[in-house]
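*Asks:* Take a look at this one; I'll ask things after.
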Amino acid sequence: MKRIAVLTSSRADYGIYLPLLKALKNDSNFDLNLIVFGTHLSPNHGYTVNQIVSDGFKPTFQIESIAQGDSPSAISTSMAQTSLKFADFWEKHKNDFDIIFCLGDRYEMFAAVTAAIPFNLKFAHIHGGERTLGAIDNIFRHAITLSSKYHFVSCKEHGDRVAELVESKDNIYNVGALSLDNLATLNLLSKEDFNSKFGVNLYKETILVTLHPETAATHENEKYVNEVANALLKLSKYQVLITLPNADTYSLTIRERLQKLPSETNNRIKCFENLGTQGYFTAMKYCSFLLGNTSSGIIEAASFGRWVINIGNRQQGRRQSKNIFNVAFDNGAILKSVEEIEKNPVFKGENIYFKDNAAKNICSILKKIL
């Protein structure tokens, strides 16, 4: 039995990992070990380790490392704390895992992975080779790629970029976007059950919003969130369902403005820390369209036939399906995009990130390489 470790630091990567976690758990060839850290263990971000447990997984290790605050100094301190704690962790467990999965581009994932470099551990990186020019995450993502031996990418172009970074075409596997396996394996809620669980009536026309700070232009984030808030206030025919941002530089600026909107709109606008994977995909299935700057709009929304108003530069550089309206942080431009969507409410094109059985294919590859 091969001992597989999976690093998960936030609700975002956990939702992507979920099909793979299920596949690993149900395969007798693998011993799954979950290393839980980051915002999963933060009460201010919903303490989402509870979601992991409620989904039937047991966190094997829990490592607390998130500092309070969202200033550049606080983020840097959090990275340093994470690196220090993982230095001790890898020293104790350097011989315990045959392979360690890491995902994406978060600063805490970067700290956990790079702390392991002196121990020469085998990492497998998911979603490498992508670009997000409006965020400092590019640095973290590419560093994680360079620290990893195996690469599971979401499309050929991203695999080609990984090959350029690591100067080799070996150990690069194009499996598609892992999160899209959830479409086949996850039982979504009915509108009635969603209302019972979250108090949101999805029979109403609903905009699903997730807005993160642009960490490559932090001084502009107050202006940016105000432009989005002004647009949402004007879109009075819609109910708005907001999922709040993860821990990033100046994310509190975004949070604080968005959290004022429910009281300004008689609760027509609703904010949630975390809907969970099932709740979030249910909302995506039944919403009118998505608005914000989250990767889920780029990668997953097309599979639900949903248009996306992608705002600003955070996701600039990622390949896109044809369901994306790219606009600046300008409430007038946002409103014009809504008018275009209302002319043709359902997107009927393909999702360029979709490939069948990504989790199953990863497991098959693991059996060959380990």
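The values are calculated or read from the model by the stated rules, or taken from the named source; none is laboratory data. Keep in mind it's a predicted model, so treat the numbers as computed, not measured. Cβ sites come from the backbone with ideal geometry, for glycine too, and all protein chains shown count toward neighbours.
*Asks:* Is it the case that some residue within segment 339-346 is touching a Phe, Trp or Tyr at 6+ places or on another chain (Cβ under 6 Å), assigned by TED's automatic domain parsing to the domain that holds ILE242 and of a type in the set (D, E, K, R)?
*Replies:* No, every residue in segment 339-346 fails to be touching a Phe, Trp or Tyr at 6+ places or on another chain (Cβ under 6 Å), assigned by TED's automatic domain parsing to the domain that holds ILE242 and of a type in the set (D, E, K, R).
*Asks:* Failed condition for ASN182, given (1) outside any helix (DSSP H, G or I); (2) closer than 22 Å to LEU366 by Cα; (3) at pLDDT below 95, with all others met?
*Replies:* The failed condition is (1).
*Asks:* Right, here's the next one. Of the numbered conditions (1) touching a residue at least 24 places away in the same chain (Cβ under 8 Å); (2) not in a helix (DSSP H, G or I), ASN266 fails exactly one; give the number of that condition.
*Replies:* Only one criterion is unmet by ASN266, namely (1).
*Asks:* Shifting gears a bit: For segment 188-199, which positions are polar (S, T, N, Q) and either assigned to a helix (DSSP H, G or I) or modelled with pLDDT under 95 (or both)?
*Replies:* ASN195, SER196
*Asks:* With the structure loaded, tell me whether GLY297 is part of a helix (DSSP H, G or I), in contact with a strand residue (DSSP E or B) (Cβ under 9 Å, 6 or more places away or on another chain) and under 24 Å from ASN174 (Cα atoms) or whether it fails that test.
*Replies:* yes
*Asks:* Same structure again: What pairs can you find where one residue is in segment 209-222 and in the same structural domain as ILE311 (by TED's automatic domain parsing), the other is in a helix (DSSP H, G or I), and their Cβ atoms are less than 6 Å apart, with a gap of 6+ or different chains?
*Replies:* Between residues of segment 209-222 that are in the same structural domain as ILE311 (by TED's automatic domain parsing) and residues that are in a helix (DSSP H, G or I), the close pairs are LEU211/VAL228; LEU211/ILE254; PRO213/ASN221; PRO213/SER251; PRO213/ILE254; ASN221/THR253; GLU222/THR253.
*Asks:* May I ask you to say which residue of ALA217, ALA247 is at pLDDT below 95 and surrounded by fewer than 19 Cβ atoms within 10 Å (Cβ to Cβ)?
*Replies:* Every option except ALA217 fails the conditions.
*Asks:* A follow-up question, please. With the requirement that a residue be buried (at least 17 other Cβ atoms within 10 Å of the Cβ), of a type in the set (Lys, Arg) and more than 16 Å from GLU220 (Cβ to Cβ), what does segment 256-269 give you?
*Replies:* The answer is ARG268, and nothing else.
*Asks:* Would you call ASP105 touching an Asp or Glu at 6+ places or on another chain (Cβ under 8 Å), without any contact (Cβ under 8 Å) to a residue 40 or more places away in the chain and on the phi < 0 side of the Ramachandran plot?
*Replies:* yes
*Asks:* Let me ask something additional. Do you know which residues across segment 56-93 are in contact with a Phe, Trp or Tyr (Cβ under 9 Å, 6 or more places away or on another chain), surrounded by fewer than 16 Cβ atoms within 10 Å (Cβ to Cβ), more than 19 Å from ASP105 (Cβ to Cβ) and not hydrophobic (A, V, I, L, M, F, W, C)?
*Replies:* Listed by number, the residues that qualify are GLN62, GLU64, SER71, GLU91.
*Asks:* Being assigned to a loop (DSSP other than H, G, I, E, B) and closer than 10 Å to ILE298 by Cα is the filter here; which residues of segment 317-333 pass it?
*Replies:* Within segment 317-333, ARG318, ARG319, GLN320, SER321, LYS322, ASN323 qualify.
*Asks:* Another one. Kindly indicate which of THR145, THR132 is in a loop (DSSP other than H, G, I, E, B), in the same structural domain as GLY15 (by TED's automatic domain parsing) and among the hydroxyl-bearing types (Ser, Thr, Tyr).
*Replies:* Sole residue among the options that is in a loop (DSSP other than H, G, I, E, B), in the same structural domain as GLY15 (by TED's automatic domain parsing) and among the hydroxyl-bearing types (Ser, Thr, Tyr): THR132.
*Asks:* Would you check if ALA163 is surrounded by fewer than 20 Cβ atoms within 10 Å (Cβ to Cβ), closer than 23 Å to THR218 by Cα and not acidic (Asp, Glu)?
*Replies:* So ALA163 fails the test.
Rundown of residues vs (1) outside the structural domain of SER196 (by TED's automatic domain parsing); (2) surrounded by 20 or more Cβ atoms within 10 Å (Cβ to Cβ); (3) closer than 25 Å to ARG11 by Cβ, yes/no style:
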| position | (1), (2), (3) |
| --- | --- |
| ILE298 | no, yes, yes |
| GLY332 | no, no, no |
| LEU335 | no, no, no |
| GLY349 | yes, no, no |
